[in-house]
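Before any comments, here is the structure.
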Amino acid sequence: MSIKVRIPQPLQKITNGRELVDVHAADIKGMIGDLENKFPGIKDRICDQSGKIRRFINIYVNEEDIRFLQSGETGLKDGDEVSIIPAIAGG
Amino acid sequence: MGLTEDQIERYSRQILLPGVGGKGQEKLLAAKVLIIGAGGLGSPVAAYLTGAGVGTLGIADSDNVELNNLHRQIIYSSEDIGREKAAAARIRLQKVNPDTKIIPYVVRLTSGNIMEIIKDYDVIVDGSDNFPTRYLVNDACVLAKKTLVHGAFFRFEGQAMVIKPNEGPCYRCLFSEPPPPGAVPSCQEAGVLGALAGVIGLIQATETLKLILSVGKPLIGEMIIFNALEMSFRKVKVPKDTSCPICGEKPTIKKLIDYEWFCGITKSRKEA
């Protein structure tokens, strides 16, 4: 499944400045795995040591928060857009 | 209350609007809004709310104006450098509109003073520049059941949402805990496009005016994300989280928390 992932600005250092990244994955866990293959180090920024998504980062499939879907097992289909959205604090 | 001739003329362009009228203008003149942080977000919020004739505007900021603030903090002038922001803002805004009573608070908000400061206000606008203050403000607004207009930015991107305790999700429903110190680049390292701060601040100002006037649909239960590089707005859904540590079914946070400052604690701390 070809999925577009939107990388937030705080993580774009790891993706060499790229905002939109294509991954092949059937669910969110697979997406994070494929992202890590392409951009080593990014998983650590998104997940804690136990593999859970950090509490100041959310992942959305289209406009739905995966915490209210099936979390890491949330399925993905062709054409879905996944957004990684961290808390930001600038004012 | 009744509007004076001068007021009718001053606010004529918004009094004309459907849903505003003289009654709406009177609501604005009676409204009390507290702006937390008079920086990149707080400046445009304060300028537009003053222009619109919000009757009482509290401005809380403990910092002084610095030269590097001026590219985005549009209510200050070069001559304000070194002055307390809340005091400088008051002088400037008073010239814009004498109808607005500006109340400066030159204090850093803590668990010890925030409840007392927010208690007299109808709407709280968060324009602070660090996570400890943002979580403190969210929690205080949930506990005091105050409507909070959230906005934040990072480089070329910004977020905004309206938090109405009891009715919709709070900031912890969205992000339950702040990042640990060092997990995100500090304010000073990150940088920001000045106009981006303006866009987000004006979304906050717009939502505040809508709330006071009871017009339109407030940004509750969803977050708007603005990307200046793509010039795109997106919305994502923000459901109320039944396991939210402060507004969920079994709250674990029952009193306010002073998180460790990690966006610089020295005099050189700056708004991002």
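Only the coordinates and a few stated rules stand behind these numbers; no lab work does. This one's a predicted model, so the numbers in the text were calculated from it and none came from an experiment. Virtual Cβ from ideal backbone geometry, glycine too; neighbours counted across all protein chains shown.
Suppose only helical runs count, i.e. DSSP H with n ≥ 4. What mean residue ellipticity at 222 nm does that imply for chain A under -39500 (n - 2.57) per run, divided by all residues and rounded to the nearest 500 deg cm²/dmol? Before the final figure, lay out each step's value.
Values: 2 runs with 16 residues, N = 91.
The helix contribution divided over chain A gives -4500 deg cm²/dmol.
Of the DSSP beta bridges with both residues in the protein assembly as shown, give the percent that are antiparallel, rounding to the nearest 5.
60
Is the shape of region B:54-130 rounded, prolate or oblate, going by the alpha carbon gyration tensor and its root eigenvalues a ≥ b ≥ c, with a/c under 1.5 for rounded and a/b larger than b/c for prolate?
Here region B:54-130 falls in the oblate category.
Can you list which of the GluC sites (Glu not before Pro) found in region A:19-91 are DSSP loop residues with at most 14 other C-beta atoms within 10 Å?
Loop-located and lightly packed - A:E63.
Going by Cα centres, region B:199-263 and region A:1-25 are how many Å apart?
About 25 Å separates the Cα centre of region B:199-263 from the one of region A:1-25.
Compute the distance from the alpha-carbon center of region B:1-54 to that of region B:95-167, in whole Å.
18
Taking only Cα atoms and a 10 Å spring cutoff, compute GNM fluctuations for chain B and point out the largest among B:G22, B:G112, B:G151.
Its mean-square fluctuation being the largest, the pick is B:G112.
Compute the relative contact order of chain A as a whole-number percentage, counting only Cα pairs closer than 8 Å that sit 6 or more residues apart in sequence. List each step's numbers first, then the result.
On the way: 143 pairs, mean separation 33.7, N = 91.
Averaging sequence separation for qualifying contacts and normalising by length gives 37 percent for chain A.
Share of antiparallel DSSP beta bridges in region B:31-237, in percent to the nearest 5?
Values: 18 of 38 bridges.
The antiparallel proportion sits near 45 percent.
With runs of 4+ DSSP H residues as the only contributors, calculate the mean residue ellipticity of chain B at 222 nm using -39,500 (n - 2.57) per run, divided by the residue total and rounded to the nearest 500. Write down the numbers at each step before the final one.
Values: 10 runs with 90 residues, N = 272.
The per-residue figure over chain B is -9500 deg cm²/dmol.
Just order B:202-210, B:142-150, B:94-102 by mean Cβ neighbour count inside 10 Å, highest at the front, would you?
B:202-210, B:142-150, B:94-102
Let me have the relative contact order for chain B, percent, based on Cα pairs under 8 Å that are six or more residues apart.
Across chain B, relative contact order equals 19 percent.
Can you list which of the DSSP-assigned H helices in chain B have a Cα extent of 20 Å or more along the long axis and an average Kyte-Doolittle score of at least 0.5? It would help to have the intermediate numbers written out before the result.
Working: long enough: B:194-213 (28 Å, 1.43).
Span-like helices in chain B: B:194-213.
Mind running the shape call on the protein assembly as shown? Use the C-alpha gyration tensor, a ≥ b ≥ c as the square roots of the eigenvalues: rounded below 1.5 for a/c, prolate if a/b tops b/c, oblate otherwise.
prolate
Can you tell which of A:Q12, A:Q70, A:Q49 shows the greatest fluctuation in a Gaussian network model of chain A with Cα springs below 10 Å?
A:Q49
How many partner chain Cβ atoms sit within 10 Å of a residue's Cβ in peptide A:19-26, on average, as a whole number?
1
Choose one of A:I66, A:G33, A:V82: the residue whose Cα lies farthest towards the positive end of the charge dipole of region A:2-86 (beta-carbon charges +1 Lys, Arg; -1 Asp, Glu; about the Cα centre).
Positive-most Cα among the choices belongs to A:G33.
Would region B:31-237 count as rounded, prolate or oblate if I go by the C-alpha gyration tensor, calling it rounded below 1.5 in a/c and otherwise prolate when a/b exceeds b/c, oblate otherwise?
Since a/c stays below 1.5, the shape of region B:31-237 is classed as rounded.
Report ³J(HN,Hα) in whole Hz for each residue of region A:83-91, in order, from the Karplus equation J = 6.51 cos²θ - 1.76 cosθ + 1.60 where θ = phi - 60°; Gly and Pro get x.
So the J values, rounded to whole Hz, are 10, 9, 10, x, 5, 10, 10, x, x.
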